[in-house]
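The values are calculated or read from the model by the stated rules, or taken from the named source; none is laboratory data. Fair warning: this is a prediction, and the values are worked out from it, not measured in the lab. Here the Cβ is made from the backbone with ideal geometry for all residues, glycine too, and neighbour counts use every protein chain on show. Accessible surface is based on the protein model in full, side chains and every heavy atom, while ligands, DNA and RNA are left aside. Shrake-Rupley method; radii C 1.70, N 1.55, O 1.52, S 1.80 Å.
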Amino acid sequence: MSSAHATATELVACTATVAAPLDVVWELVSDFGGVDRWSAGAVTCTVDGVGVGAVRTVERDGRRVRERLERWDGSDHSLSYGFVDDVPLAVAHLVATIAVRGGDETDITWSARGEVADEDRVVVARTLERFFTRRIGELQAIAPRLAAERD
């Protein structure tokens, strides 16, 4: 894809409510190396570095992806990460953001920005939406159980 034909724009934003307190949900999603803690199925995650700039390697279902922590804001309960290697989508400079808000229940928004040609936008957005929705569903299943264990 030629960047001359695209500028970074919002591609997708998925929102949902997790039936668990904000502190439990934030503890899970903000742990950059702890993806396996809120994943269904076998996932491995290793991290090189600490804080912004750290790179995690996530392996799941025979796929491997390396992601770099671009922004982490504990007071705003949000983080952003980019991709070290090319992703198998027609998108460049892809950056995903997870933001959580709430109290006894937590609203999560998982969004992505990137450069994509107009003719590829729908496919890229649908693919990201499916992934984000699946991962939010895993969080919705796991976070309430962890919250109940703490009570």
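A few remarks follow.
- Accessible-area ranking of 97, 133, 106, largest first, probe 1.4 Å: 133, 97, 106
- Residue (of 146, 91, 11) at the positive-pole extreme of the chain, dipole from beta-carbon charges: 91
- Annotation for the range 61-97 versus the range 20-58: alpha-carbon center distance of 12 Å.
- Positive-end extreme of charge dipole, the range 1-88 - chosen from 38, 20, 78 (charges on Cβ): 38
- Volume per residue of the C-alpha convex hull in the chain, rounded to whole Å³: 109
- Between residue 30 and residue 141, the distance separating the two model label sites (each 7 Å from Cα on the Cα→Cβ line) works out to 2.6 nm.
- Electrostatic dipole magnitude of the chain [Cβ: Lys, Arg +1; Asp, Glu -1; Cα centre; debye, to 20]: 300
- The range 83-140: relative contact order in percent, alpha carbon pairs under 8 Å with at least 6 residues between: 30
- Carbon plus sulfur fraction of accessible area for the chain, probe 1.4 Å, in percent: 49
- Rounded to 10°, Cα long-axis angle of helix 121-150 versus longest principal axis of the chain: 10
- Estimated from helices alone, the mean residue ellipticity of the chain at 222 nm is -9000 deg cm²/dmol (sum of -39500 (n - 2.57) over DSSP H runs with n ≥ 4, per residue).
- Label-zone membership for the range 106-145, site residue 40, 7 angstrom Cα→C-beta point, backbone N under 15 Å: 130-145
- Zone of residue 16's modelled label, taken as backbone nitrogen in the range 57-82 under 13 Å from a point 7 Å along Cα→Cβ: none
- Per residue, the average separation of C-alpha pairs within less than 8 Å and at least 6 apart gives the chain a relative contact order of 32 percent.
- Where a label projected 7 Å from the Cα of residue 119 along Cα→Cβ would reach, residues of the range 3-45 with amide N under 17 Å: 3-7
- For the range 68-138, the spread of Cα positions along each principal axis, largest first, Å: 41, 23, 19
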